[in-house]
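Below is one structure, written out as structure tokens, with a few remarks after it.
Rule-based calculations on the coordinates, nothing more; no lab input. Treat the numbers as computed from the prediction; the structure is a model and nothing was measured. No Cβ is skipped: glycine too gets one built from the backbone with ideal geometry, and neighbour counts run over all protein chains shown.
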Amino acid sequence: MISLDLSNAKLDKDIASYQEKVTVAHNDLHNATGKGNDFVGWVKWPLEYDKEEFARILALKKRMEGKYDTVLVCGIGGSYLGARAAIEMVKGLYPNDGIEVIFVGNTFSNTYISQVLEHIKNKEVVLNVISKSGTTTETSISFRIFKKFMEEKYGEDAKNRIYATTDKSRGTLKSLADKMGYETFVIPDNIGGRYSVFTAVGLLPLALANVDIEALMKGSLDAYNELNTADLDKNPAYQYAVARRVLDDKGYKAEMFVTYHLQLAMIAEWWKQLFGESEGKDGKGILPTSACFSTDLHSLGQFVQDGTKVEFETVLHVDEMADDMVFPSDDENLDNMNYLAGKKLSWVNEMAYKGTLSAHSEDGNNPNIVINIKDNSAYSFGYMIYFFFIACGMTCYLLDINPFNQPGVEVYKKKMFKLLGKE
Ligand code: PA5
């Protein structure tokens with residue numbers, strides 16, 4: 001389902017030499033015997049996910065059908081990026097199913113929050129607040145504001161339109177939700193935020209947004225089965241993990257995740273969190289960056305081609321994106337573009353990809369890894385996300401890093417709380 005092309009990766013080293021280390025790390029991931037082993041619930045989740053809760057999500061979606069046109073998703077980091085990435089990849093940026101999904105709880109921006117409040121004034125809204133800790137400041141601020149909006153708009157009925165996804169029994173959000181009578185969904189103890197998109201964290205907003213969550217989970221299950229082998233020859237996720245380590249050792253300290261469709265840009269944002277928060281610790285790790293080509297070739301292209309050689313590129317190539325069109329002919333041809341008349345836009349984009357790959361890897365001497373996926377369906381999203389999960393776990397274990405904590409994130413919070421006067 002996913003194929004990996006390392007022919008332009010300039011590894012100069014046989015990745016098979018990592019086989020022994022990969023086998024140890026694979027067993028550690030699957031048997032929960034490695035670093036951070038109390039957070040590897042995601043490894044077998046595609047097999048073991050909570051089917052009763054899954055049915056409850058589908059039932060809620062059915063019950064509310066026709067009663068809303070706007071879904072407010074209130075969360076930050078791992079509590080929103082996966083859902084947003086999936087919605088944009090599968091539905092595009094301007095879907096025509098009459099459902100708008102708006103993400104709040106991910107910023108302190110007064111302008112943004114005020115504008116969203118104004119924008120949804122006359123909409124029919126449901127609100128899903130998502131926080132594992134239940135105390136994240138950005139999320140708590142937005143939730144208080146939008147909860148008030150819901151109560152003023154819907155009165156008693158607000159509680160039927162607000163859903164909380166949080167710890168199963170502990171925390172401020174869980175107590176608040178129980179007290180208010182909101183339906184609640186669970187973030188399992190052994191799954192951290194950035195590994196949680198296959199739990200209710202991702203599934204509830206996705207279902208409300210009309211994304212096929214059954215297909216998505218099937219994709220994750222197929223990936224689990226197909227990538228459950230330590231054999232490097234047969235496992236493209238582990239090949240990717242090893243390639244990263246080889247390039248890191250060669251001095252490439254940044255990785256640019258490249259897409260060729262604007263609706264995939266949030267996949268890059270999700271990927272940056274996954275790899276950045278998992279790997280960037282103990283003074284180690286590769287800086288995750290991203291670009292959407294050809295758009296960003298007109299801003300970053302010069303640097304990538306001729307600038308300091310700090311980064312390698314990982315290109316997400318999608319064989320078949322939905323909604324193609326043919327470039328029209330024009331009798332007058334005043335813009336001299338008739339040489340492309342009759343060609344599909346997908347073909348033009350593909351030529352941009354091929355030309356850029358050649359320019360960057362051959363002329364620019366930048367290592368390029370290409371990850372090929374079939375299409376932008378929910379199934380492919382599920383498969384791809386599991387691929388990155390398991391690749392990330394592997395690449396961190398190969399670096400002797402605990403992929404499942406994020407101690408560095410606390411530092412800014414402590415300083416900010418002091419300034420905010422929080423006790
Ligand atoms: O991956 C992570 O753990 C973080 O990105 C968290 O998901 C993020 O900080 C939000 O935390 P919470 O769900 O506790 O509000």
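Eigen-decomposition of the gyration tensor built on the alpha-carbon atoms of the stretch 226-316 gives equivalent ellipsoid semi-axes of 23, 17, 13 angstrom, largest listed first.
Counting every pair of alpha carbons in the stretch 111-257, the share spaced more than 28 Å apart comes to 39 percent. Taking a ≥ b ≥ c as the square roots of the eigenvalues of the Cα gyration tensor, the stretch 314-406 is classed as oblate, since a/c reaches at least 1.5 and a/b does not exceed b/c.
Can you tally the net charge around Lys132? Count Lys and Arg as +1, Asp and Glu as -1, for every other residue whose Cβ sits under 11 Å from the Cβ of Lys132. Walk me through the numbers on the way to the answer.
Working: positive: Lys168, Arg170, Lys174, Arg194; negative: Asp167, Asp189.
So the environment of Lys132 carries a net charge of +2.
Shape analysis of the stretch 53-198 yields a ratio of the Cα radius of gyration to the Kirkwood radius, Rg/Rh, of 0.93.
Taking a ≥ b ≥ c as the square roots of the eigenvalues of the Cα gyration tensor, an a/c ratio of 1.5 or more together with a/b no larger than b/c marks the stretch 131-189 as oblate. Mean sequence separation of contacting Cα pairs (under 8 Å, at least six apart), scaled by the length of the chain, corresponds to a relative contact order of 24 percent.
Rounded to whole numbers, the Karplus 3J(HN,Hα) couplings from phi for the stretch 33-46 are 10, x, 4, x, 5, 7, 10, 9, x, 5, 4, 9, 4, x Hz, using 6.51 cos²θ - 1.76 cosθ + 1.60 with θ = phi - 60°, and x at Gly and Pro. Annotation for Asp178 and Asn338: the two label points, set 7 Å from Cα along the Cα-Cβ direction, are 7.4 nm apart. Sorting 322-332, 299-309 by their mean Cβ neighbour count within 10 Å, with the most densely packed peptide first, gives 299-309, 322-332.
Once you charge only the Cβ atoms, +1 for Lys and Arg and -1 for Asp and Glu, what is the size of the charge dipole of the chain about its Cα centre, to the nearest 20 debye?
1860
3J(HN,Hα) along the stretch 171-181: x, 4, 5, 5, 5, 4, 4, 4, 4, 7, x Hz, from the Karplus curve 6.51 cos²θ - 1.76 cosθ + 1.60 with θ = phi - 60°, whole Hz, x for Gly and Pro.
Diagonalising the gyration tensor over the Cα atoms of the chain and scaling each eigenvalue by 5 before taking the square root yields semi-axes of 35, 29, 21 Å, largest first. Short-range pairs are left out: with C-alpha atoms under 8 Å and at least six residues apart, the relative contact order of the stretch 257-356 is 29 percent.
Annotation for Asp69 and Arg144: the two label points, set 7 Å from Cα along the Cα-Cβ direction, are 3.2 nm apart.
Between Ala254 and Glu151, what's the calculated FRET efficiency when r is the beta-carbon distance and R0 is 41 Å? Round to 0.05.
Efficiency, from the Cβ-Cβ distance: 0.35.
Give the calculated FRET efficiency between Arg56 and Val409 to the nearest 0.05, with a Förster radius of 30 Å applied to their Cβ-Cβ distance. Calculated value: 0.45.
What shape does the stretch 282-358 take by its C-alpha gyration tensor, where a ≥ b ≥ c are the square roots of the eigenvalues and a/c under 1.5 counts as rounded, a/b above b/c as prolate, and the rest as oblate? Note, shape of the stretch 282-358 comes out prolate. The relative contact order of the stretch 45-211, computed from alpha carbon pairs under 8 Å that lie at least 6 residues apart in sequence, is 31 percent. Computed extension length for Trp347-Asp189: 52.3 nm, one decimal, from 0.36 nm per residue of separation with the Cα-Cα distance subtracted. Note on the chain: GNM, Cα springs under 10 Å; of His261, His298, His30, the largest mean-square fluctuation is that of His298.
Placing pseudo-labels 7 Å out from each Cα toward the beta carbon at Asp12 and Asp97 gives an inter-label distance of 4.9 nm.
Charge tally around Ser377: other residues with Cβ under 10 Å, Lys/Arg +1 each, Asp/Glu -1 each, net -2.
Shown here for the stretch 340-423: trypsin sites (Lys or Arg not before Pro) in loop regions (DSSP other than H, G, I, E, B) with at most 10 other Cβ atoms within 10 Å, namely Lys422.
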